[in-house]
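The values are calculated or read from the model by the stated rules, or taken from the named source; none is laboratory data. Here the structure is a predicted model, which means the values were calculated and not measured. All Cβ positions, glycine included, derive from the backbone under ideal geometry; neighbour counts span all protein chains shown. To get the accessible areas, we keep the full protein, side chains included, count just its heavy atoms, and leave off ligands, DNA and RNA. Shrake-Rupley method; radii C 1.70, N 1.55, O 1.52, S 1.80 Å.
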Amino acid sequence: MKIEHFPSHIQAHLIPDAKGEMVYSCLACQSEFGISRLLYVCPECGSVLLLTDKRPERISAVDGKTWREIFDYRRMLNMPALKGIYRYHEFIGPVVPLDSVVYLGEGHTPMIEANRFLQEKAGVRFYYKNDGQNPSASFKDRGMASALSYIRYLIQTGMAKDVLAICASTGDTSAAAALYASYLQPDIKSAVILPSKKVTPQQLAQPLGSGARVFEIPGVFDDCMKVVEDLSTRYQVALLNSKNAWRILGQESYSYEIAQDFEYDLEGKVVVVPIGNAGNITAVMSGFIKFFEAGIIDALPTVIGVQSSHANPVYRYYLEPDASKRTFVPVAVKPSVAQAAMIGNPVSMPRVIDRVERYNALSGRKNVFVVEVTEQEIMDWELLANRNGHIACTQGGESLAGLVKAVNQGLVPKDATAIVDSTAHALKFAGFQDMYFENSFPAEFEVVPDASLVNHPVFVHPEDLDTVPTAEKPLSGEDLNRYVSRIATEIAGLLNLEKQ
Ligand SMILES: *Cc1c(COP(=O)(O)O)cnc(C)c1O
Ligand SMILES: [Zn+2]
């Protein structure tokens, strides 16, 4: 729709300006720092940072109802810069001019309601929100669109040049970083550091295909993170891990979309996300808090974070009910099918602690919970979901298993509606499905296939059929007729088909 055709009271708000003001704020010492250079940790105390809006009056000058209309009307606008996460520009990056925005098709991922069978199994009404339908097939594209748009803005204004973007990854961060950086080459080049053999072949193929420099090193993700941190403190590189607070901003769009897709009515809603480095759950809480404070939503949904028992430091932290007695202890991870969340020392832990406190305070009750699931539960729920029309990855299986656990623990009312995050596409993690179907999981995963979920291809080649086609030698005439009829009869027998 053309701008002149929108209602006049909306026209002035449709195209956001870049006149906001943001600063990095330290959660530990409350210091604030300008954004003209890239910062990842507080120069004063070394703690992680979040970006905050220094001109909140720009938000409060518009009432909640008008904001809702602005976002709903922006849906009809045909401007690429506002088609992705920057539909919510004022809440995500009010300093980023629209001509710096990198839009590769991220965000606005579909919510798919589970069928009756699956809802009955889970014990509650729920939707999957498929973040695997982002351009690099995971939610990481949301944060990368934000971080790379900001870096592009720095380049366009001469505040940065010849950027080498670098990240450690459990697979999806590097896929997203390499994709977005490759769009901006030659101004931005990327290098990614992966734990050798701890990312799937599909995830390894992604940054290679995007032309990134790819380094595989011994160890797990937490070790890669240490190396990247060392590089980012001693050399000129742009760190693209979720330590980079711009990533968090972009990922807040997940919450904004849920709000918008439910007509801003989040009463009785439950949002379930897997936790790895804890950037995503930070963003999900932050996003809902911002919309709540702006009067755009008037209820905060319950947030449930899920961890595997093989990588559960956040779950362990919240096991202690008395906040003053909680201490964070990193864990040594064990192999997990939710490999993208297989992290023992999440860098966003201080942000989580900060946001959970605020979220519960605004909710007037405990409204954030962390549950733990087994590797077995993750695989079983992933496969069951996918047999019912979904495309959940293993982390999506983890989310669903976590929802079921939360229902069974009485954390979710029976009449609630849950939104379950499938953070990546099933195909990225197809190797774990193979292991399940072939019963070839190494013992440390502790996964035993449930026969009712196993599926195998059937090779059909009747013994008495000698002449079969090959690519070089197609069949014709009698040979072809016999081949078609014998194979068809065999398949009909296997499927118990009735004759016409
Ligand atoms: C990164 C990732 C996670 C974990 O998200 P965090 O922000 O690190 O907690 C979960 N699932 C997938 C598919 C991921 O790529
Ligand atoms: Zn500080």
Using only C-alpha atoms and all pairs of different ones, pull out the Kirkwood radius for the stretch 1-105 in Å with one decimal. 15.3 Å
Where the centroid of each part is defined by its Cα atoms, how far is the stretch 150-228 from the stretch 241-316 in Å? 24 Å
Among 122, 24, 492, whose Cα projects farthest towards the positive end of the dipole of the chain, with charges put on the beta-carbon of Lys, Arg (+1) and Asp, Glu (-1)? 24
Enter the per residue convex hull volume of the stretch 457-500, computed from alpha-carbon coordinates, in Å³ rounded to the nearest integer. 95 Å³
Student exercise, the stretch 139-250 dipole from Lys, Arg, Asp, Glu Cβ charges, in Debye to nearest 20: 100 debye
On a C-alpha basis, how far is the centre of the stretch 325-358 from the centre of the stretch 1-50 in Å? Whole number, if you could? 26 Å
At q = 0.13, 0.17, 0.19, 0.21 1/Å the base-10 log of I(q)/I(0) from the Debye formula over the alpha-carbon atoms of the stretch 139-250 is -0.41, -0.72, -0.91, -1.11
Where the convex hull is taken over the Cα atoms of the stretch 309-370, what is its projected area averaged over directions, in nm²? 4.5 nm²
Portion, in percent, of the accessible area of the stretch 457-500 that falls on carbon or sulfur, probe 1.4 Å: 55 percent
Per residue, how many Å² of accessible area does the stretch 233-327 show with a 1.4 Å probe? 30 Å²
Once the Cα gyration tensor of the stretch 196-245 is found, what semi-axes does its equivalent ellipsoid get, as square roots of 5 times the eigenvalues, in whole Å, sorted largest first? 20, 14, 10
With no solvent term and unit scatterers on the alpha-carbon positions of the stretch 85-217, Debye gives log₁₀ I(q)/I(0) at q = 0.14, 0.15 Å⁻¹ of -0.69, -0.76
Sorted from largest down, what three extents in whole angstroms do the Cα atoms of the stretch 332-489 have along their principal axes? 78, 38, 26
Listed by chain and number, the residues whose amide H is under 5 Å from that of residue 96, excluding neighbours fewer than 5 places away on the same chain and using placed H, are none
Please compute the alpha carbon radius of gyration of the stretch 255-295, then divide it by the globular-protein estimate 2.2 N^0.38 Å. Two decimals is fine. 1.17
Quick calc, the chain, dipole around Cα centre from Cβ unit charges on Lys, Arg (+) and Asp, Glu (-), nearest 20 debye, gives 1220 debye
Approximate spin-label separation residue 430-residue 58, in nm, with each point projected 7 Å along Cα-to-Cβ: 4.5 nm
To the nearest Å², the heavy-atom accessible area per residue of the stretch 72-128 with 1.4 Å probe amounts to 39 Å²
At a 1.4 Å probe, what is the % contribution of carbon and sulfur to the accessible area of the stretch 55-95? 54 percent
Calculate the length of the line joining the C-alpha centroid of the stretch 459-500 to that of the stretch 58-115, in whole Å. 55 Å
What relative contact order, as a whole-number percentage, does the chain give when Cα pairs under 8 Å and 6 or more residues apart are counted? 14 percent
Antiparallel %, DSSP beta bridges [both residues in the chain], to 5: 30 percent
Normalised radius of gyration for the chain, please: alpha carbon Rg relative to 2.2 N^0.38 Å, two decimal places. 1.05
